[in-house]
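The values are calculated or read from the model by the stated rules, or taken from the named source; none is laboratory data. None of these values were measured; they are calculated from a predicted model. Cβ placement follows ideal geometry from the backbone for every residue including glycine, while neighbour counts extend to all protein chains displayed.
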Amino acid sequence: MLKHGILGLINYHEMTGYEIMETFRDSLNYFWKAQTSQIYRELQVLEKEKWVAKEVVPQQGKPDKNIFSITEEGRCELLRWLSDGDLGMSVRTPVLMKVFFMGEKSREENIRYFEGLKKYCGIFLESLVSVPEHIKAYRVYLNDKEKAMYWEMTVEYGRRNMQMCMEWAQDCIERLERNGGV
């Protein structure tokens, strides 16, 4: 999945590894976490698959700059992935796995857990406030400005998801306080 995210970014315009990392941080990182080392590793795989081309630009006094662009094969792979019929709704939610077994802990510990979850979601929700500015800044790279609408849709999904999570955590707290979850 990470490789397709990187292909999608490079599809907008050619970038260095550093620029990919920055763009990832400003956009995809809100719903897909990746370390810098993972991004660079995936770039090597993408190059080996011939889905990206690398142009080495010599620099004086600094390491050479590697600029990556999507190849025709890479664009075909990106479009194949976007059309593959997999809705991307795999069910792997670590928070629910943990909650399922929380009966092993005290009610007070679990209330603290849900309070922490609510706080985390609130902080994440606040971090989304700056995303429209990032979208505005990156929109300049698009030939078709309508594509940015899809970026806005992902932000709205994240906002609603965090809001729902906060409401759910509050409901769990209230249930535990009211009757011990019985």
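Looking across the stretch 93-124, the residues that are surrounded by 12 or more Cβ atoms within 10 Å (Cβ to Cβ) and closer than 28 Å to G5 by Cα come down to V95, L117, Y120, C121, G122, F124.
Of S37, S90, S127, all but one fail to be loosely packed, with under 14 Cβ neighbours inside 10 Å, among the hydroxyl-bearing types (S, T, Y), more than 25 Å from M153 (Cβ to Cβ) and within 20 Å of the chain's Cα centre (by Cα); the exception is S37.
Can you confirm whether E152 is loosely packed, with under 14 Cβ neighbours inside 10 Å and farther than 22 Å from W32 by Cβ? Criteria not met by E152.
Looking for something assigned to a helix (DSSP H, G or I), over 24 Å from E133 (Cα atoms) and outside the structural domain of V140 (by TED's automatic domain parsing) - is there at least one such residue anywhere in the stretch 6-29? The answer is no, given that none of the residues of the stretch 6-29 is assigned to a helix (DSSP H, G or I), over 24 Å from E133 (Cα atoms) and outside the structural domain of V140 (by TED's automatic domain parsing). The residue that is farthest from the chain's Cα centre (by Cα), among those in the stretch 11-33 that are within 21 Å of R159 (Cβ to Cβ) and touching a residue at least 24 places away in the same chain (Cβ under 8 Å), is T23.
The residues on offer are M149, M89, M153, and the sole one that is out of contact with any Cys (no Cβ under 8 Å at 6 or more places or on another chain) and over 26 Å from E22 (Cβ atoms) is M89.
Candidates Y141, Y120: the one that is in contact with a Phe, Trp or Tyr (Cβ under 6 Å, 6 or more places away or on another chain) and either without any contact (Cβ under 8 Å) to a residue 12 or more places away in the chain or of a type in the set (F, W, Y) (or both) is Y141.
When residues in the stretch 59-88 are screened for being in contact (Cβ under 8 Å) with a residue 12 or more places away in the chain and basic (K, R), 2 of them pass. Taken residue by residue, the stretch 30-42 has no member that is at pLDDT below 95 and either in the same structural domain as A148 (by TED's automatic domain parsing) or on the phi > 0 side of the Ramachandran plot (or both).
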